[in-house]
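Peer 1: Encoded as structure tokens, here's the structure I'll be asking about.
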Amino acid sequence: MTTRTANSASVLAVNRKAFHDFSVLERIEAGIELRGSEVKSIKAGKANLAGGFATAEGHELFLRDVHITPYEQATYFNHEATRPRRLLMRAREIAKIAARVEQMGFALVPLKLYLKRRWIKIELGVCKGKKMGDKREVLRARAADREAARATANARRK
């Protein structure tokens, strides 16, 4: 299940739960170090980003708790489903992101996996956790927007 976007990238997986639980402050693109069976499994749509996060260890970023189902046709060289995967970014960018996340208490959350040309990329979000009141406020705002749209649609019909 891939969808095309305007910038010719195929979206392979989306973390919808992240948008519900977090406020996304900044979006970052990174490459992922994957094994062959992982690439085939991701392209088959067998990736789940919910519950995943990224951590900085030394001068590297690692993606943790992202579930990629083992590829069925792979031999005994198959991968572990939730192994840590190294993210590929420039050292300067990693240092800047790690400092920001550490200092301000934000989280690095995977938002979507997509194909860009022939490479699998991940979009990370620098996120701040929402509280229950924030979630309710978002739901109220959506409901108000829906009501306003209905009212204008009904006014146009008459």
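The values are calculated or read from the model by the stated rules, or taken from the named source; none is laboratory data. Remember, predicted model here, so these are calculated numbers, not experimental data. Neighbour counts run over all protein chains shown; Cβ positions are idealised from the backbone, glycine included.
Peer 1: Which one is surrounded by the fewest Cβ atoms within 10 Å (Cβ to Cβ) among residues in the range 78-107 that are in contact with a helix residue (DSSP H, G or I) (Cβ under 7 Å, 6 or more places away or on another chain) and closer than 25 Å to residue 37 by Cβ?
Peer 2: 78
Peer 1: Residues to consider are 16, 35, 83, 92; find the one that is farther than 15 Å from residue 124 by Cβ, without any contact (Cβ under 8 Å) to a residue 60 or more places away in the chain and under 12 Å from the mean Cα position of the chain (by Cα). First the steps, then the outcome.
Peer 2: Working: 35 fails: under 12 Å from the mean Cα position of the chain (by Cα); 83 fails: under 12 Å from the mean Cα position of the chain (by Cα); 92 fails: under 12 Å from the mean Cα position of the chain (by Cα).
Only one candidate qualifies: 16.
Peer 1: Being under 24 Å from residue 22 (Cα atoms), assigned to a loop (DSSP other than H, G, I, E, B) and not acidic (Asp, Glu) is the filter here, so list the residues in the range 47-81 that pass it.
Peer 2: 49, 50, 51, 52, 66
Peer 1: Right, another one. Taking only the range 96-120 into account, find how many residues are of a type in the set (Phe, Trp, Tyr) and under 13 Å from the mean Cα position of the chain (by Cα).
Peer 2: 1
Peer 1: Then there is this: In the range 52-72, which residues are in contact with a helix residue (DSSP H, G or I) (Cβ under 8 Å, 6 or more places away or on another chain) and modelled with pLDDT under 85?
Peer 2: Quick first cut of the range 52-72, residues in contact with a helix residue (DSSP H, G or I) (Cβ under 8 Å, 6 or more places away or on another chain) only: 56, 59-61, 68-71.
If the condition is that a residue be in contact with a helix residue (DSSP H, G or I) (Cβ under 8 Å, 6 or more places away or on another chain) and modelled with pLDDT under 85, then 71 is the only one that fits.
Peer 1: Please work out which residue is farthest from residue 112 (Cα to Cα), limiting yourself to the range 29-46 and to residues that are in a loop (DSSP other than H, G, I, E, B) and among the basic types (Lys, Arg).
Peer 2: 35
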